[in-house]
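*Asks:* Quick one: structure below, then a few questions.
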Amino acid sequence: MERAPLDAAVTPPEFLKLAGHPVRWRLLGELARSDRQVHELTGLVKQPQNLVSYHLGKLRAGRLVTTRRSSADRRDTYYTVDLAHCGELLASTGAALHPALHLVPPTPAVVMHRRGPGLRVLFLCTGNSARSQIAEALLQHLSAGSVMTFSAGSHPKQLHPDAIRVMAEHGIDLSGHRAKHLDEFNGQRFTAVVTLCDRVREICPEFPGHPDSVHWSIPDPAGDPNGYPAFQRLTAELRTRIEFLLHRLVFTPT
C-alpha cells in the first residue's frame, strides 16, 4: 500500500533539522559561549575545516548564525550565533509538539537568587569610550545591581558623548563614568571577562582564577558613518547578548 505523503503538521520543525545534527549542535554550543573564527571551531569540535565550513553554511542559510569581518584583520571572519532567533525557533518547536511545551525563559530578576552575590564581570574594548561602557551599564541595570560590573580599555580615551546620549534613552546616566586602562584590574578575579573588540581579544591579559573568557566581535560605533543610529544598534545588540549572558552566569555551576 502506498503511504500518504507527510504534511506540514507532522514534518519536524526546521530548527530540529538544522540543530539536530551532532556537528551543527556542537558548533552552536561553542558559538553560544563566544564568537569564533573557523580555525578555532575546527579545533573545538575536532572536525576538518571543510566539514565545519559546510555545516556553518547550513546554519547561516537557516539564519541561526551570522558573520562579521574582524576589525583587527579584515581577512578574518567571526561567526556569531543569533541566540534570540534560536530562542524563538526553540519555543515554537516545543509548541509544535504540544501547546504546553511553548518555552518561556525565566527573567534575570527571578533567577539571580540562584547565585547570590559574588558575580563579577569585566568588559574590555580599545578606548573604553563606548562599547564596554555601555555593556557595563546594561549588565548592572539588567541584573538590578546583583552583578558587579566593570569596564576598561587597552587605549582609554574620553567617554563618547553618543554613548552618554544612548544610555540616557534607557534611563541610565553615564555622565559620571571615566575611561580606565585594563591595567587597573591586573590581579583581580572575575567570573567572566568579555572582550568586545577584536584587537583587544588578541592582547587580553590572563586573569587569576580562570574566568570564563567570552568574545563578542562588535565594531566601534564611533567609526560608523551612520553616526548616532550606530550607537542605538550597538545598544540593542549588547542588550540582547547581555540578557543571554546573564542567564548563563546564573545557571552555570560554580
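The values are calculated or read from the model by the stated rules, or taken from the named source; none is laboratory data. All values derive from a computational prediction rather than experimental measurement. Because the Cβ atoms are built from the backbone with ideal geometry, glycine has one as well, and the counts that use them run over all protein chains shown. We work out accessible area using only protein heavy atoms, side chains counted, and drop any ligands, DNA or RNA first. Shrake-Rupley method; radii C 1.70, N 1.55, O 1.52, S 1.80 Å.
*Asks:* To the nearest 500 deg cm²/dmol, what mean residue ellipticity at 222 nm is calculated for the chain from DSSP H runs of n ≥ 4 alone, each contributing -39,500 (n - 2.57), summed and divided by the residues?
*Replies:* -13000 deg cm²/dmol
*Asks:* Find the lysine pairs in the chain meeting two conditions, Cα atoms under 25 Å apart and a separation of 8 or more places or different chains, and report how many there are.
*Replies:* Lysine pairs satisfying the spacing and distance rule in the chain number 4.
*Asks:* Based only on Cα atoms, what mean projected area does the convex hull of the chain have, in nm²?
*Replies:* 17.0
*Asks:* Additional query: Using a 1.4 Å probe, what is the accessible area per residue for the chain, in Å²?
*Replies:* That works out to 54 Å² for each residue.
*Asks:* A follow-up question, please. The chain: longest stretch without exposed GluC sites (Glu not before Pro) (DSSP loop, at most 12 other Cβ within 10 Å), sites themselves excluded?
*Replies:* With a cap of 12 other Cβ atoms within 10 Å, the longest stretch comes to 3-205.
*Asks:* Share of antiparallel DSSP beta bridges in the chain, in percent to the nearest 5?
*Replies:* Bridges in the chain are about 30 percent antiparallel.
*Asks:* Which value, in debye to the nearest 20, describes the size of the charge dipole of the chain about its Cα centre when Lys and Arg Cβ atoms bear +1, Asp and Glu Cβ atoms bear -1, and nothing else is charged?
*Replies:* Dipole magnitude for the chain comes out near 340 debye.
*Asks:* Next question. For the chain, calculate the relative contact order in percent as a whole number, restricting contacts to Cα pairs under 8 Å that are 6 or more residues apart.
*Replies:* Once divided by the residue count of the chain, the mean separation gives 17 percent.
*Asks:* Same structure again: If you consider only alpha-carbon coordinates, what radius of gyration and Dmax does the stretch 26-91 have, in Å?
*Replies:* In Å, with Rg to one decimal and Dmax whole: 11.6, 37.
*Asks:* Simple spin-label model, 7 Å along Cα-to-Cβ: residue 232 to residue 49 in nm?
*Replies:* Output for this residue pair reads 4.1 nm.
*Asks:* Also, I was wondering about something else. Given Cα positions, please report Rg to Rh for the stretch 151-254, the hydrodynamic radius being the Kirkwood one.
*Replies:* That ratio equals 0.96.
*Asks:* Calculate, in nm to one decimal, what residue 155 and residue 63 gain on full extension: separation in residues at 0.36 nm each, minus their alpha carbon distance.
*Replies:* Gain in length upon complete extension: 29.6 nm.
*Asks:* Another question, if that's okay. At a 1.4 Å probe radius, carbon and sulfur cover how many percent of the accessible area of the stretch 143-248?
*Replies:* Using a 1.4 Å probe with all protein chains present, the stretch 143-248 comes out at 51 percent carbon and sulfur.
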